[in-house]
Structures are given as C-alpha cells and as structure tokens.
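Step one of this worksheet: look at the structure below.
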Amino acid sequence: MIVAMKADALQAEIKAVIDRISNHDLNALPLPGGERTAIGIASAIPPDMRSDLTSLLESMPGVDHVTQVTRTYKRASREFHPGDTLITVKGVTIGGNEVIVAAGPCAIESREQLFSAAEVVKACGGKMLRGGAFKPRTSPYAFQGLGIEGLKMLKEAGEATGLVTATEVMDQHELDAVVEHADIIQIGARNMQNYPLLIAVGKTNRPVILKRGPSATIDEWLLAAEYILAQGNQDVILCERGVHPLERGHTRYTLDLSAVPVARFLSHLPVIVDPSHACGNWRYVSAMSKAAVAAGADGLLMEIHPDPAHALCDGAQSLKLDAFSELITQLRGVAAAVGRGISTPPLPA
Ligand code: PEP
Ligand code: MN
C-alpha cells in the first residue's frame, strides 16, 4: 500500500500518517519525491485490515489518496521507487547511461593470472574486476579457490589498477573477510535463496551483485533482493546468468534475456548479464553479450583468462584476453544503437 500525500502536506501531517501506520505494527517507509512525499507500507497487511486502514488513512489531513501495491516485493518494486537506482562505487556508476563491463577469471589462481586479466580489463575500458576466491564447485574434489590468499590478490589488483572489485561470498563466516578485501559482494546463483546469507549481506554497506538462481522465477529473484533491501542495504545489482535449459549439451544454461526488460520494468535496481555462465562456451559469449546490451542490460559480467585451456575453473566459457578486447570494441556500436554509452579503448585514428 502506498499513501500519496498532497503536494502541500505539512511535515506534521506526514509524521502523523507514519505514526498511525506504525501503531498498527506495520513498517512505514517514507518515499520523498520531487513534488510530494509518499509513504509506503513495507509489511504484509492482513487482508481483513486493508479496507479499514485505507479509509482511515484517506481521512487523515494531508493525504491525497491510497493505492494498493500489487507486488509481494516492496522495496525492490518500481511502484515504491519509480526512478532508477544508481549505485556508485569508487567513482563508477552502475545503473546510469553507461554500460559497465566487469570481467576477470572465474577463480583467482595466482597473482600473475589475476594481474594479466586485470590489466586487460583496465586497458579495454572495463570498470570492474571479478575473481572468485571461494568457489561453489559441483564436485567436492574440484579446485575450491584460494580463499583468503585470493582475496588479498584481488584487493592488491584493485588497488594497482583502480578497478572496482567483485567476489563471491558463499558463507556468512567469510563475509567479514570479503567486505574487507572487495568493493562488491557477489551472491552466486546457488545461494540466491540462502536467506540467512542475504540478511547478512543486507547488513553490510557493500553493494551486492545478486545472481538469479537457475530455477528461480523473476518474482523469486526480486524477493531475494527484497531480503537484502529490507536490512537497509539499498545497493543491489540484479544479475541474469541463465536458467535451467531445455537444451542439453550445446549451452550450459539458457540466457533468459527477456528477464532484462522484465526486471527493469518491475524494479528500479540495475540489471546486469553474465553471458559466460549462461553459455558455458566462449564461442557464444560475444553474441550474447551484444544481445544483452541491446536488451537494455546495465552491465556485463564476463569470465576471461590468459590461458583458458589451463584454467582451474570454467576455462571452456572464458574468453581469451584478445577476444575480450575485440568484443569490447564491438560493443561500442551496440551500446550507441540503444542510446547507451560504454567505456572502450579509443578508436584508432
Ligand atoms: C561465478 O560467477 O563464478 C559463478 C559461480 O557464477 P554462478 O553463481 O552464476 O554460477
Ligand atoms: Mn565461473
């Protein structure tokens, strides 16, 4: 439910509405707008209370009208927050006109591997360096990541290049270390519905990339975002990374590109796309990256590796550094065609 105040409503009238909502044990969320204030009710309102509460609030001084919010998520919804959310980290804004390129290895394997990827990301105009230190592997015998040592390398690479850094947290016990070493916390697809973890990252002051679970509907994804937002952390970046496929063998998942305009319509949060995990094969990453930018993605999250054939994780879907560089140049035209900017290397004279 949203209570729209009149444009000339007094502060005391706004406060009275908030108090009245709170007296019903409901959570009132002031939403200051350009012309007038609205007050959202972020809790679920018992059905038998709805009509009486609507009449009561509509009778209060300064109230213009009351509308019902149809979505189960509130803070993530455009109904509550019509304007786009912009998230700025180290001078880089996600969710604005510029499409942000984030890239790096699936797993941090060594200082040399990470730094050679980081230098190419930087040289190509990329803004963010990704790299996993704690890896969610399907097999318990597969390389699980360098842990804290990897986080230290990521921090060092971020400081050396000025790139924003992002890394996955899998467990609450690792959260302090991740917050200490990285600029952005990634919640992986497997953990999209790990509610204690979402609550814990919601209590931090770091932006969160929230991957969509491969079997999650868009509403479930936005409700997962709501868990983070409800704890006070407003900086959530939604990331589509492919859903469980009909296809078997040629691609790892199916990139649900329609999720981009749908999530942008339903929510004010930035939406980025990870074509690497969706495709599972470097050969298709370039085409799907271009398609993602054309579909309105606010950014791309890509896996790149100096030597994919010897990667310890996800080599098959990692672009070689020169292929990445070529792709970034090609993305310039796609971004321009949809009225977006993208930071790429200068065109040859
Ligand atoms: C990753 O980004 O390295 C990763 C494990 O991705 P996802 O959670 O989308 O599988
Ligand atoms: Mn990976």
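The values are calculated or read from the model by the stated rules, or taken from the named source; none is laboratory data. The structure displayed is predicted, hence computed values, not measured ones. Counting neighbours? That spans all protein chains shown, and the Cβs are built from the backbone with ideal geometry, glycine included.
Annotation note: Cβ proximity below 6 Å between a residue of the range 131-145 that is assigned by TED's automatic domain parsing to the domain that holds ASP176 and a residue that is outside any loop (DSSP other than H, G, I, E, B) and more than 10 Å from ligand 1 (Cβ to nearest atom) (sequence gap 6+ or interchain) occurs for GLY131/LEU114; GLY131/LEU154; ALA133/GLY150; ALA133/LEU151; PHE134/GLU174. Confirm whether PRO47 is out of contact with any Asp or Glu (no Cβ under 8 Å at 6 or more places or on another chain) and without any contact (Cβ under 8 Å) to a residue 40 or more places away in the chain. In short, yes.
Once the range 264-286 is narrowed to residues that are among the polar types (S, T, N, Q) and in a helix (DSSP H, G or I), the residue that is surrounded by the most Cβ atoms within 10 Å (Cβ to Cβ) is SER276. For the range 242-256, the count of residues that are crowded, with 24+ Cβ neighbours inside 10 Å and in contact (Cβ under 8 Å) with a residue 60 or more places away in the chain is zero. Pairs are defined by a Cβ separation below 9 Å, a sequence spacing of at least 6 or placement on different chains, a first member in the range 84-97 that is on the phi > 0 side of the Ramachandran plot, and a second member that is among the aliphatic types (A, V, I, L, M); the pairs so defined are LYS90/LEU163; LYS90/VAL164; GLY91/VAL164; GLY95/LEU86; GLY95/ILE87; GLY95/ILE237; GLY95/LEU269; GLY95/VAL271. Which residue is nearest to ligand 1 (Cβ to nearest atom), if the candidates are limited to the range 105-151 and must be in a helix (DSSP H, G or I) and acidic (Asp, Glu)? Across the range 105-151, the extreme among qualifying residues is GLU149. Every residue in the range 287-318 that is crowded, with 24+ Cβ neighbours inside 10 Å and not hydroxyl-bearing (Ser, Thr, Tyr), please. Within the range 287-318, ALA292, VAL293, ALA297, ASP298, GLY299, LEU300, LEU301, MET302, GLU303, ILE304, HIS305, GLN317 meet the criteria.
Pick from ILE100, ILE108, ILE94: which is surrounded by 24 or more Cβ atoms within 10 Å (Cβ to Cβ), farther than 20 Å from VAL285 by Cα and either polar (S, T, N, Q) or under 17 Å from the mean Cα position of the chain (by Cα) (or both)?
ILE94
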